[in-house]
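The values are calculated or read from the model by the stated rules, or taken from the named source; none is laboratory data. Keep in mind that what you see is a predicted model, and the values were worked out from it rather than measured. Because the Cβ atoms are built from the backbone with ideal geometry, glycine has one as well, and the counts that use them run over all protein chains shown.
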Amino acid sequence: MPFVITDPCIGTKDSACVDVCPVDCIHPRKDEPEFEAATMLYIHPEECIDCGACVPACPVTAIYDSHDTTPANQRDLIPANDIYRVGDPDAVARAEAIVKAHIDAHPDLMAIDPKERVSAHA
Ligand code: SF4
Ligand code: SF4
């Protein structure tokens with residue numbers, strides 16, 4: 001079961017997780033052209049080896065270790081992680097549309113600083 005990035009990454013996007021991932025399955029990286037426009041980062045579900053290294057690296061606790069542990073109000077972002085592919089503009093657009101819909105549906109969450117946002121996920 002792949003790890004999942006959730007909305008505290010929005011507004012943080014510091015790539016600390018990318019730096020520790022042993023299989024380079026978190027995108028976009030800072031050196032990829034999609035990085036500037038990306039609202040958040042995404043974990044490729046088939047490439048993730050479930051090592052757990054990214055979780056303690058994330059300064060805002062945005063990463064969950066499975067679909068099951070992803071809080072209910074973040075599960076709409078699971079398909080965004082599943083879909084996103086660097087180099088595929090259609091996949092990027094579809095994933096980003098999911099994130100945009102999440103933002104629009106949760107103005108309450110988005111008003112909270114990313115560091116505090118995870119506590120609102122419970
Ligand atoms: S769990 Fe490991 S392989 Fe999966 S995204 Fe995190 S660091 Fe990468
Ligand atoms: S470490 Fe956390 S906030 Fe930083 S890019 Fe990765 S998921 Fe996003």
Selection from segment 19-35 of residues within 11 Å of ligand 1 (Cβ to nearest atom) and either more than 11 Å from the chain's Cα centre (by Cα) or touching a residue at least 60 places away in the same chain (Cβ under 8 Å) (or both) yields Asp19, Val20, Cys21, Pro22, Val23, Asp24, Cys25
Exactly one of Asp88, Asp108, Asp104 is farther than 14 Å from Val4 by Cα and at pLDDT below 95, and that residue is Asp108
Counting only residues that are of a type in the set (Asp, Glu), within 23 Å of Asp104 (Cα to Cα) and surrounded by fewer than 23 Cβ atoms within 10 Å (Cβ to Cβ), segment 1-45 contains a total of 3
Those residues of segment 38-73 that are in contact (Cβ under 8 Å) with a residue 40 or more places away in the chain and either over 16 Å from Arg117 (Cβ atoms) or within 12 Å of ligand 2 (Cβ to nearest atom) (or both) come to a total of 25
The condition of being away from ligand 1 (no atom under 15 Å from the Cβ) and of a type in the set (Val, Ile, Thr) holds, among Ile83, Ile5, Ile49, only for Ile83
Those residues of segment 49-69 that are within 15 Å of Val23 (Cα to Cα) and buried (at least 20 other Cβ atoms within 10 Å of the Cβ) come to a total of 1
query = Just to be sure, is Ala91 surrounded by fewer than 19 Cβ atoms within 10 Å (Cβ to Cβ) and more than 20 Å from Val118 (Cα to Cα)?
reply = yes
Those helices (runs of 4 or more DSSP H) completely within segment 7-122 that have 2 or more residues that are of a type in the set (Asp, Glu) are 89-105
